[in-house]
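What follows is a single structure, written as structure tokens, with notes after it.
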Amino acid sequence: MRRHILALVAVTPLLVAAPAFAGPADHKPPPPQQKQPVAEGYGGAVATVDLDASRAALEVLKKGGNAMDAAVAAGAVLGVTEPYSAGLAGGGFMVYYDARRGRVHSIDGREAAPAAMASTSLQGIPFEEAVTSGLSAGVPGAVAQWDLALRRFGTTSLRDALKPAIEVASKGFVVDQTFYDQTAANAARFKDISSTAKLYLPNGAPPPVGSVFRNPELADTYRELGRRGPEWLYGGRLGQEIVRTVKNPPITPGATRNVRPGLMEVSDLTAYRALTREPTRVDYNGMQVYGMSIPSSGGSTVGEALNILEALPTIGLHEYLEASRLSFADRGKYVGDIPNVPLAELLSDGFAKERACLVGDRAMAHPAAPGTPDGTYTGCGEPLDEAATPPADEGPETTHLVVADRWGNVVAYNLTIESTGGNGIVVPGRGVLLNNELTDFTFGPAPGDPNLPAPGKRPRSSMAPTIVLAHGKPVLAVGSPGGSTIITTVLQILVNRYEFGMSLPDALAAPRATQRNTAQTQAEQGFLDRYKAELEARGHTFTLNPEIGAATALEFTGRGRIQAVAEPVRRGGGSAMVVRTP
């Protein structure tokens, strides 16, 4: 029997004050409600980073909507209250458990490169300059994904699903410290885009904490989208306005920033489709772990790391870091939106055992080389004699939500516009920020890299919405924002829960470290305080990352009871709710 090395950290969840939106007349917010990081009960549950989004999902569930209805409603609200992380001009991935059929599905709403984009389109451009540009804007996937998700698995219309978001955008929400800090961090580039400065820098400065922020233009956009349907974006007037903005960014007169025009055309919008895909699956500790497939690397990399861990005789933090290192080496070599990704072999037990052979008592030399997932596995195998591909820069401000309903349907949903504030460009008159997803591509030159840009290609993502089943029924759902640290955050939560025996709230709250085949492991201060000396003695080196991820999760605890869990502290804390408390 495998020996488990306990690394339990007791954490007491904190209640974090969060705003409620105010009415339009008096401009005075009511006393702030509190976000609950943990809620337990029956009849359905939700966890998001935001109180308004969680309340919207809960109301949908209480009125008889299912988990998919609630997930889309919450996602649209996050486009209002978390506009620097999500929005209708972004995209995302959904993993969905269909209780009636006992099947797991996934929906790919990842943004796509325009037809005019070539493998060299980003070469030679400084990363930060590429971010704040029309060139970084991918063809939006969120609206097509919402529409497909509701038609396939929901019970309501897109028009009805958008109503909570319209209400929040119209009435407003109270600015908290996180929103203020994110606005302030982006103020310099927001000032250089006239439409963005008008919306997010009223009076030339970020809205102060405690003020009510309204976005009536976004409310009107959602309202019109509900009336006209997705075609209004995918080829209609809204799409034309997005293309005009991408190709001619509204630069503030006198600004000296080089804001490059983009390549998107209306024909790119017309051609876009959200796609249903087979989710990834690995068997782990007698359970089935389902994740997102290509073009995300989340499902494959989390799954491979779990397989490696299961092949090891002992599991502790050292083994967690080494399994992460190896799976990231293989991710960089093989995973992208290309034909013939060796997904089955990357997730095979034989390949995992071959890779696990390389895990010893000390940290591996940097970088770990990719393996050879060729179906022939003997001994430890021979790593490829080539340099590993380092992880690309990915924006940390994605968001994630989980929803379950009274019938047992479950949604794990990552949505994003990439960097904090996307590409920094608000579509004039529409109140929505554009994404910068195309900076997730490898800029190059990098011959053979599976993540180089190409016409219509979807950039590789690290988003990892995950649903765990046991005996054919869901037991846990989890996901996080954080760029490429999403993968390690989800992996570490699963390891905390199932290897180290933590409760789900403690598994989320425990201090984190992320090893992505880099020279140093990034870690939060709490992790360094507890484990740095022990792990340095085994050859690991560390650098500080103040905050890794902002997860949401839920767990079915038996007899219809659900525990919804959000972060107690990270990113201001999250909001967990249940339909009916005991």
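Calculate the length of the line joining the C-alpha centroid of the range 444-475 to that of the range 291-312, in whole Å.
10
Rounded if a/c is under 1.5, else prolate if a/b beats b/c, else oblate: with a ≥ b ≥ c from the C-alpha gyration tensor eigenvalues square-rooted, which is the range 444-486?
Since a/c reaches 1.5 and a/b is larger than b/c, the shape of the range 444-486 is classed as prolate.
For Ser106, what charge total do you get from the other residues with a beta carbon under 12 Å from its beta carbon, if Lys and Arg give +1 and Asp and Glu give -1?
+2
Starting from the amide H of Val475, placed 1.01 Å from N in the peptide plane, find each other amide H under 5 Å away whose residue is 5 or more places distant or on another chain.
Result for Val475 returns Val468, Leu469, Ala470.
How many nm is it between the label spots at Glu278 and Arg538, if each spot is 7 Å from the Cα in line with the beta carbon?
Result: 3.6 nm between the two label points.
From Cα pairs below 8 angstrom and at least 6 apart in sequence, can you work out the relative contact order of the range 101-198, rounded to a whole percent?
24
Work out, step by step, the length gained on full extension between Tyr42 and Gln177: first 0.36 nm times the residue separation, then minus their alpha carbon distance; give nm to one decimal.
Between Tyr42 and Gln177, full extension yields an extra 45.4 nm.
Within the set of other residues whose C-beta is less than 13 Å from the C-beta of Tyr97, count the net charge using Lys and Arg as +1 and Asp and Glu as -1.
Net charge around Tyr97: +3.
Share of the chain's accessible area from carbon and sulfur, percent, 1.4 Å?
Carbon plus sulfur share of accessible area: 51 percent.
Just how much of His366 is accessible, in Å², when a 1.4 Å probe is used and the result is rounded to the nearest 10?
His366 has an accessible surface of roughly 90 Å² with all protein chains in place.
Tally the DSSP beta bridges in the chain and give the antiparallel ones as a percent, rounded to 5.
90
If exposed trypsin sites (Lys or Arg not before Pro) are those in a DSSP loop with at most 13 other Cβ within 10 Å, what is the longest stretch of the chain that has none?
Segment 363-558 is the longest.
Using a 7 Å offset from the Cα along the Cα-to-Cβ direction at both Arg237 and Arg530, what is the distance between the two label points in nm, to one decimal?
In this crude label model, Arg237 to Arg530 measures out at 5.6 nm.
For Arg228 and Val569, calculate 0.36 nm times their separation in residues minus their Cα-Cα distance, and state this gained length in nm to one decimal.
Using 0.36 nm per residue and subtracting the Cα-Cα distance, I get 118.8 nm.
Calculate, for the chain, the solvent-accessible area per residue in square angstrom, rolling a 1.4 angstrom probe over the heavy atoms of the protein chains.
Heavy-atom accessible area per residue stands at 35 Å².
Set the Förster radius R0 to 51 Å, insert the Cβ-Cβ distance between Thr120 and Arg559 as r into 1/(1 + (r/R0)^6), and round the FRET efficiency to 0.05.
0.30
Going through the cross-link list Lys35/Lys171; Lys163/Lys198; Lys171/Lys191; Lys171/Lys457; Lys333/Lys353, which pairs have a Cα-Cα distance over 30 Å in this structure?
Those over the limit are Lys171/Lys457.
Just need the relative contact order of the range 448-582 here, percent rounded to a whole number, with Cα pairs under 8 Å and 6+ apart.
This gives 21 percent for the range 448-582.
Just want to confirm a number: the relative contact order over the range 224-276, from Cα pairs under 8 angstrom separated by 6+ residues, in percent.
Rounded, it is 38 percent for the range 224-276.
Would you calculate a helix-derived [θ] at 222 nm for the chain, using -39,500 (n - 2.57) for each DSSP H run of n ≥ 4 and dividing by the full residue count, to the nearest 500?
After summing the helix terms and dividing by residue count, I get -9500 deg cm²/dmol.
Roughly how far apart, in whole Å, are the Cα centres of the range 172-204 and the range 248-277?
So the two Cα centres are separated by 21 Å.
Suppose every Lys and Arg Cβ carries +1 and every Asp and Glu Cβ carries -1, with no other charges. What dipole size does the chain come out with about its Cα centre, to the nearest 20 debye?
About 1520 debye.
If I model a spin label as a point 7 Å beyond the Cα along the Cα-Cβ vector, how far apart are those points for Arg257 and Ala184 in nm?
In this crude label model, Arg257 to Ala184 measures out at 1.9 nm.
Apply the Karplus curve 6.51 cos²θ - 1.76 cosθ + 1.60, θ = phi - 60°, to the phi angles in the range 502-507 and return the couplings in whole Hz, x for Gly and Pro.
Running phi through 6.51 cos²θ - 1.76 cosθ + 1.60 with θ = phi - 60° gives 6, 5, 4, x, 5, 4 Hz.
At 0.36 nm per residue, and after removing the present C-alpha to C-alpha distance, how many nm does the segment from Asn248 to Ala446 gain when stretched out fully?
68.3 nm
The values are calculated or read from the model by the stated rules, or taken from the named source; none is laboratory data. Given the structure is predicted, the values throughout are model-derived calculations rather than measurements. Reconstructed Cβ throughout: ideal geometry from the backbone, glycine too, with neighbour counts over all protein chains shown. Note: accessible area is taken over every heavy atom of the protein model, side chains too, but ligands, DNA and RNA are not part of it. Shrake-Rupley method; radii C 1.70, N 1.55, O 1.52, S 1.80 Å.
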